[in-house]
Structure formats: C-alpha cells, structure tokens
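Peer 1: Take a look at this one; I'll ask things after.
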Amino acid sequence: MSNSRAAVFTGQDQPLEVWEFPQSDPEEGAVVVHMEMAAICGTDAHAIHHPDTPAPTIFGHENIGTIAASRLERNTDALGQPLKEGDRVTFRASPCGHCYNCTIGEFCMNVRQPGFTPSNEPPYLYGGFGQQVHLPPDPWLLRIPDDLSNERALLSVVGTHTLLNGYERIGGLNLGDTVVIQGSGPMGIGGLLQAKLLGAGRVIVIGAPTGRLELATRLGADETIDIKQLTTADERVEAVMDLTGGRGADVVVECSGAVGATQEGLRMARFGGKHLLVGPWTDYGTQDINPTLITKKALRVSGVVASEPRHIVRSMEALRSMIDVPVEDLVTHQFPLAQVNEAFEVHESLEAMVAVILPNA
C-alpha cells in the first residue's frame, strides 16, 4: 500500500517537516478525504510559536477535499444531500453529543477536530496539510455545490463563519449600524462581509498594509484607516469619532489580536454599543483594559472562537447566492506541500491575505 505525505509540526519554532504515513482504509462509519485545498489560519501561525502545542501534529482545519473512500452508514451530508466518492466536501468531526456543552448547545470540548488532533497514533492523518485526511466515524460533512469554486467554498470556513457566530453572540446588528472592524486580515474581511449581509449601513476597516485595505474597499468597506499613517491609538479613535459624528461606532469588532487593540476598540464604541472580540485557540497573553469604559458606556461585550456547523452552512449559502463581490481575491497565494514553510512565511509577513496549501498538486 502506498504512503501519504503530510506537513508535520514537530516542536515550537521549528520548520514543518514533510513526513510519509501509511495509507489505510477508513474504519466502519468513517471517511478518507483526498485533500484539494487547505488554508493557513492565524491560529496555525500562533500554534507554531506556542510552547504548549502538541507534537507531532498535522495542522489544517480550513479544508476542501473530495471523498476518496467511504464507509458511512448513510451516504448523505449534514443537509441530507447524497454523497458519493469524488464529491467535494468541507468537513469537521461531529460533536460528541453527550458532554455539558453539547447539552446546552455550545461548542463541544471533546471533539477531535482535524488540524488540532496530535498525529501520534494510527491512522495519523488528522489534518488538512496532508494528501489525505482520515476522519473519525460519523463525521460532519457538507457537500460543496458544483457551481462553487474551491476558493469561494473555502472562504465559508475562513473568517465568515466565525464572524457570523460572533454577531449572533452580541445580539446581531441593527439595520444601518456603523461597524468598525479592527484588523484587515481574513477575520476582519469576514467581519466586513457578514456585517454587510446583516444590514450594516457603514463599515470602517482599520488595518494595514495598504494592499489589504484596498482589497477591503473592493469587498465593500466604506472607509479604511491605515495604521501606518495613523500610528497611535488616540489618532485612530479620533478618526472614528470624526467619521461617526462624535458618537462612536454602534459595533466594534476586534480581529487583530494586537496588544492594546481591545482597549482602543472600547474607546471607539458609542454609549450603549457593542464590542466583539474574535480570538484564536492560542493565548495572546495579558493586556491592560479599563473596565470603566464598559460600565460607563453600558457596552455589550462578547468573545467568540470558531463556530457551530450551522454557521458554516449559512456562510456557504451566502457565498453562493448573496455575496457578489470578488471574494476569491482573498486567496492570494497557493503552494504545494513541499513549500509549506514558504507559505507560513508569506502569511506571517502579511504578504499574503490567505495562503493555501495544495497537498496533492
């Protein structure tokens, strides 16, 4: 039986190594996916530098692939659509269904998600930065419509789904709201797209470099603020106040993870406004904030990490039938598996907006 190659994290700050693993047939109820495209997420980049990231691990949790072998009990996806070998899917492990979080309808903490599960026991191939992914029994699968490109389908699991979840958690948007997005990366663009879908009247994106802000404008941003030109928090807060008639934004979304950004965003929100913090799995560390800004402004503050399956379904349908801007432009760089470390370099340098790995190219 032939082997399957995958890029493996072996330790903090170490380059990923391409290893070979034995291929195997899926166990009963499981699926093997032939990988088409996997995005590098900010969480992956943080995980490489974090001392607590388990090794060996195959990253890759934002994935598009085709079904290579299946022993599913029911040959349908999460929406009941027929599935067969060769169909394109996005995927994740299913919630366990019996933990406390599952009971109350929150994110399952027992699930062994692709891209986060250590590759230290057979069948090893648990992440999208490999030629194959072996999903556990009873996986969550969503068939990709034939008229949706890989790039556009991928964006249903890059940013947009998490931001849809986040907006739900802060009680949604009101028609005509002014939304400030801190951060012009994939999460920030996801916040822009979803805010427009939910009825925002005006979206202001704060970030850098210039190319990212130009892309944000093409994708619907009404104004942008360049942090290379307005270099201090006071300058950026003043700019937002000027753009909002002195009131501040109805909703502020912190997608950058930059030190000081949370405090800065709280200053930008109007009285009675909302503040959403979008975070990765890895720890950004302690930051100073003044909680009086929350109480004296009566702000509604929430955090979000990842999403539930319903957000992926809704995001994919929105990308298929409701979003007519060129979101494919977000996928700026594509690399074969052998160049995975180069892909991380352009991600971390901000040269790429979304860098993707093509494991079988």
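The values are calculated or read from the model by the stated rules, or taken from the named source; none is laboratory data. The structure presented is a predicted model; accordingly, all values stated were derived computationally and were not measured. Glycine gets a Cβ as well: all are built from the backbone with ideal geometry, and neighbour counts include every protein chain shown. With ligands, DNA and RNA removed, areas are computed over all heavy atoms of the protein, side chains included. Shrake-Rupley method; radii C 1.70, N 1.55, O 1.52, S 1.80 Å.
Peer 1: DSSP loop GluC sites (Glu not before Pro) in the range 34-74 with at most 16 other Cβ atoms within 10 Å of their Cβ, which ones?
Peer 2: Values: sites: E36, E62, E73; in loops: E62, E73.
Answer in residue order: E73.
Peer 1: What does the charge count near A7 come to, summing +1 for each Lys or Arg and -1 for each Asp or Glu among other residues with Cβ under 13 Å from its Cβ? Numbers along the way, then the final one.
Peer 2: Numbers: positive: R5; negative: E17, E20, D44, E342.
Local charge sum for A7: -3.
Peer 1: Along the Cα-to-Cβ line of R218, 7 Å from the Cα, sits a label point; which residues in the range 305-340 have backbone N less than 16 Å from it?
Peer 2: Backbone N within reach: 324-334.
Peer 1: Would you compute, from DSSP H runs of 4+ residues alone, the mean residue ellipticity of the chain at 222 nm, taking -39500 (n - 2.57) per run and dividing by the full residue count, rounded to the nearest 500? Walk me through the intermediate numbers first.
Peer 2: Working: 11 runs with 93 residues, N = 361.
Mean residue ellipticity, 222 nm, calculated: -7000 deg cm²/dmol.
Peer 1: Extending each Cα 7 Å along its Cβ direction at I289 and E328, get the distance between those two points in nm, one decimal.
Peer 2: That separation, rounded to one decimal, is 3.9 nm.
Peer 1: Restricting attention to the range 1-107, which trypsin sites (Lys or Arg not before Pro) occupy a DSSP loop and are surrounded by at most 10 other Cβ atoms within 10 Å? Numbers along the way, then the final one.
Peer 2: On the way: sites: R5, R71, R74, K84, R88, R92; in loops: R71, R74, K84.
Hits after loop and neighbour filter: R74, K84.
Peer 1: Using r as the Cβ-Cβ distance of T66 and L350, and R0 as 35 Å, what FRET efficiency do you calculate, to the nearest 0.05? Don't jump to the answer; show the numbers that get you there.
Peer 2: On the way: r = 31 Å, r/R0 = 0.90.
Computed FRET efficiency for T66 and L350: 0.65.
Peer 1: Determine the dipole magnitude for the range 244-317: charges of +1 sit on the beta-carbon of Lys and Arg, -1 on that of Asp and Glu, nothing else is charged, the reference point is the Cα centre, and the result goes in debye to the nearest 20. Could you put the intermediate results ahead of the total?
Peer 2: Values: 9 positive and 7 negative charges, 87 e Å.
Dipole size: approximately 420 debye.
Peer 1: Same structure again: Sticking with the crude label model, points 7 Å out along Cα→Cβ, report the distance from L175 to N341 in nm, one decimal please.
Peer 2: It works out to 5.5 nm between the two label points.
Peer 1: Sticking with this structure for a sec: Quick one: if the Förster radius is 51 Å, what FRET efficiency do K296 and C96 give, using the C-beta to C-beta distance and rounding to 0.05?
Peer 2: My answer for the efficiency is 0.75.
Peer 1: Of all chymotrypsin sites (Phe, Trp or Tyr not before Pro) in the range 260-361, which ones are in loop regions per DSSP and have a Cβ with at most 15 other Cβ atoms within 10 Å?
Peer 2: Here the chymotrypsin sites (Phe, Trp or Tyr not before Pro) that fit, given the DSSP loop and packing criteria, are Y284.
Peer 1: Could you do me a favour and compute the accessible area per residue for the chain, 1.4 Å probe, result in Å²? Walk me through the intermediate numbers first.
Peer 2: Values: 15470 Å² over 361 residues.
Each residue of the chain exposes 43 Å² on average to a 1.4 Å probe.
Peer 1: Straight-line reach from K297: which aspartates and glutamates fall under 20 Å, measuring Cα to Cα and dropping same-chain residues less than 8 apart?
Peer 2: Candidates past the 8-residue exclusion: D177, D234, E238, D242, D250, E254, E264, D288.
Peer 1: If you don't mind, another one. Please report the spacing between the Cα centers of the range 123-194 and the range 287-340 in Å, no decimals.
Peer 2: Answer, in whole Å: 7.
Peer 1: Quick check: net charge around A93, other residues with Cβ under 15 Å of its Cβ, Lys/Arg +1 and Asp/Glu -1?
Peer 2: Details: positive: R92, R112; negative: E27, E62, D77, D138, E308.
Spelling it out: positives minus negatives among the neighbours equals -3.
Peer 1: Straight-line reach only, C-alpha to C-alpha below 27 angstrom: list the lysines that K296 could link to, leaving out same-chain residues fewer than 8 apart.
Peer 2: K274
Peer 1: Once you list every other residue whose beta carbon is under 11 Å from the beta carbon of A195, what net charge do they have if Lys and Arg are +1 and Asp and Glu are -1? Kindly include the intermediate steps, with their values, before the conclusion.
Peer 2: Numbers: positive: K196, R202; negative: D177, D222, D250.
Spelling it out: positives minus negatives among the neighbours equals -1.
Peer 1: Assuming R0 = 51 Å, can you tell me the calculated FRET efficiency for the pair V305 and D25, based on Cβ-Cβ distance, to the nearest 0.05? Can you show the working numbers first?
Peer 2: Values: r = 34 Å, r/R0 = 0.67.
Taking R0 as 51 Å, the efficiency between V305 and D25 is 0.90.
Peer 1: Sort H98, H49 from largest to smallest accessible area, using a 1.4 Å probe on the heavy atoms of the protein chains.
Peer 2: Working: H98 140, H49 85 Å².
Sorted by accessible area, descending: H98, H49.
Peer 1: Of all beta bridges DSSP finds with both residues in the chain, what is the antiparallel percent, to the nearest 5? Can you show the working numbers first?
Peer 2: Values: 29 of 57 bridges.
Just about 50 percent of them are antiparallel.
Peer 1: Pop a pseudo-label 7 angstrom from the Cα along the beta-carbon direction at both R74 and N110 and give the gap in nm to one decimal.
Peer 2: So the two model labels end up 2.1 nm from each other.
Peer 1: Using a 1.4 Å probe over the heavy atoms of the protein chains, calculate the carbon and sulfur portion of the accessible area of the chain as a whole percent. Provide the component values of the computation, followed by the final result.
Peer 2: Numbers: 7540 of 15470 Å².
Solvent-exposed carbon and sulfur of the chain make up 49 percent of the total.
Peer 1: OK, next. Given the C-alpha centroids of the range 26-70 and the range 204-254, what is the distance between them in whole angstrom?
Peer 2: For the range 26-70 versus the range 204-254, the Cα centre distance is 34 Å.
Peer 1: Shifting gears a bit: Given the whole protein assembly as supplied and a 1.4 Å probe, what does the accessible area of E20 come to in Å², nearest 10?
Peer 2: For E20, the solvent-accessible surface is approximately 120 Å².
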